[in-house]
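In what follows, a structure is listed as structure tokens, so that the remarks can point back to it.
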Amino acid sequence: MAEQLIFDLPLETAFGRQDFFVTGANATAVSVLENWQSWPMGKLVLSGPKGSGKTHLSNIWAELTGARVIDAMALLDVNLGAQITAPLCVENMHQIAGISALQEAAFHLHNMMMEQGQTLLFTGVGIPGQWGITLPDLLSRLQGSSLTELALPDDSLLCAVMLKQFSDRQIKLDPKVMDFLMLRMERSFETVSHLVSELDRQALVHRKPITLGIARRALDQLKPVETFHD
């Protein structure tokens, strides 16, 4: 066969503290989450572009605090009362825009967590006012929470994130290829994710390590990506 068949196997992503790279783009957010005991009213909103490390950082926080992590889209599938016995992270709050039942669930969960004196972390793309939350009581609670933001990536962070994603896929990359990519790629986390996926696919198709030629083809084929929505 000229090309190898590709199977979409699960990818195991490393979410340990040692796998999270701290630079000027995220140092403030890391410090705020590590000092979670000082959050005003025991709650915080973590905001950042898609692929900026929100999930990784929330998993680090969960390990630090013994917190549960649930997705906002799953709030109707869990027993809310069972979630309030420990710190909690609710991810991807921007995705419940326009879904009244999920916003009601998030509002009740927020109130129960506060009544129990538990620590609560919300994550989302953009600040709460940009999430499209239509339930006024929930929006006011979110906007009344402290906010920390993951900034747009600098080159050192982009490089570290790309190397981590290759490592997650057990791929070793020639430094010359990395330099080639860093000079030509769009400066966004979303592009890193798409580019690493495409390079992995190209290497499997051609049954060879990632070369400059493969990197050039991947860059040529990479379509513009949305950088706001998850």
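The values are calculated or read from the model by the stated rules, or taken from the named source; none is laboratory data. Quick caveat: nothing in here was measured; it's all calculated off a predicted structure. With ideal geometry, Cβ positions are generated from the backbone for all residues, glycine too; neighbour counts draw on all protein chains shown. For the accessible areas, the whole protein counts, side chains as well, though only heavy atoms, and no ligand, DNA or RNA atoms are used. Shrake-Rupley method; radii C 1.70, N 1.55, O 1.52, S 1.80 Å.
Axis of helix 54-65 versus longest Cα principal axis of the chain: the two differ by about 50°, to the nearest ten degrees.
Comparing 116, 95, 143 in a Gaussian network model of the chain (Cα springs below 10 Å), the most mobile by mean-square fluctuation is 116. Cα gyration tensor of region 58-100, axes a ≥ b ≥ c as square roots of the eigenvalues: rounded (a/c below 1.5), prolate (a/b > b/c) or oblate? Oblate. Can you give me the C-alpha center-to-center distance between region 70-123 and region 170-189, rounded to a whole angstrom? Result: 38 Å between the Cα centres. When the surface is traced with a 1.4 Å probe over the full set of protein chains, residue 207 keeps roughly 140 Å² accessible. Scalar couplings 3J(HN,Hα) for region 158-171, obtained by applying the Karplus form with A = 6.51, B = -1.76, C = 1.60 to θ = phi - 60°, are 4, 5, 5, 5, 5, 4, 5, 5, 5, 4, 4, 8, 6, 10 Hz; x denotes Gly and Pro. Shape of region 17-81 from the C-alpha gyration tensor: prolate (a/c of 1.5 or more and a/b above b/c, with a ≥ b ≥ c the square roots of its eigenvalues). The amide H of residue 147, built 1.01 Å from its N in the peptide plane, has 45 as neighbours under 5 Å, considering only residues 5 or more places off or on other chains.
Helix 189-206 and the longest principal axis of the Cα set of the chain meet at an angle near 40°. Residues considered: 71, 220, 137. Largest GNM mean-square fluctuation over the chain, using C-alpha springs under 10 Å, is found at 220. Springs join every pair of Cα atoms under 10 Å in this Gaussian network model of the chain, and among 196, 125, 205 the largest mean-square fluctuation is at 205. Let a ≥ b ≥ c be the square roots of the eigenvalues of the Cα gyration tensor of region 97-138; is it rounded (a/c under 1.5), or, if not, prolate (a/b larger than b/c) or oblate? Oblate is the answer for region 97-138, as a/c is 1.5 or above yet b/c matches or exceeds a/b.
Helix 175-184 sits at what angle to the longest principal axis of the chain, using alpha carbons and giving 0 to 90 degrees rounded to 10? Tilt relative to the chain: about 70 degrees. With all protein chains present, calculate the accessible area of residue 194 using a 1.4 Å probe and round the result to the nearest 10 Å². Here the accessible area works out near 80 Å². Shape analysis of region 110-230 based on the Cα gyration tensor places the equivalent ellipsoid semi-axes at 39, 15, 13 Å, largest first.
Whole-Hz Karplus values for region 117-127 come out as x, 8, 8, 10, 10, 10, 10, x, 8, x, 7 Hz, taken residue by residue from phi with 6.51 cos²θ - 1.76 cosθ + 1.60 and θ = phi - 60°; glycine and proline positions read x. So what is the calculated 222 nm ellipticity per residue for the chain, using -39500 (n - 2.57) for each DSSP H run with n of 4 or more, over all residues, to the nearest 500 deg cm²/dmol? Computed mean residue ellipticity for the chain: -13000 deg cm²/dmol.
For residue 69, the residues whose amide H sits under 5 Å from its own are 89, ignoring neighbours fewer than 5 places away on the same chain, with H placed 1.01 Å from N. In this calculation the C-beta distance from residue 101 to residue 167 is compared with R0 = 45 Å, giving a FRET efficiency of 0.70. Each 5 Å bin from zero up to the one holding the largest Cα-Cα distance in the chain carries the following percent of pairs: 1, 6, 14, 16, 17, 14, 11, 9, 6, 4, 2, 0, 0. Summing charges over all other residues whose Cβ lies under 11 Å from the Cβ of residue 114, with Lys and Arg as +1 and Asp and Glu as -1, gives +1. For residue 167, the solvent-accessible surface with a 1.4 Å probe is about 70 Å², rounded to the nearest 10. Bridgeable lysines around residue 164 (alpha carbons under 29 Å apart, same-chain partners fewer than 8 residues away excluded): 50, 54, 172, 176, 208, 223. Ranking 185, 112 from most to least accessible surface, computed with a 1.4 Å probe over the protein chains only, gives 112, 185.
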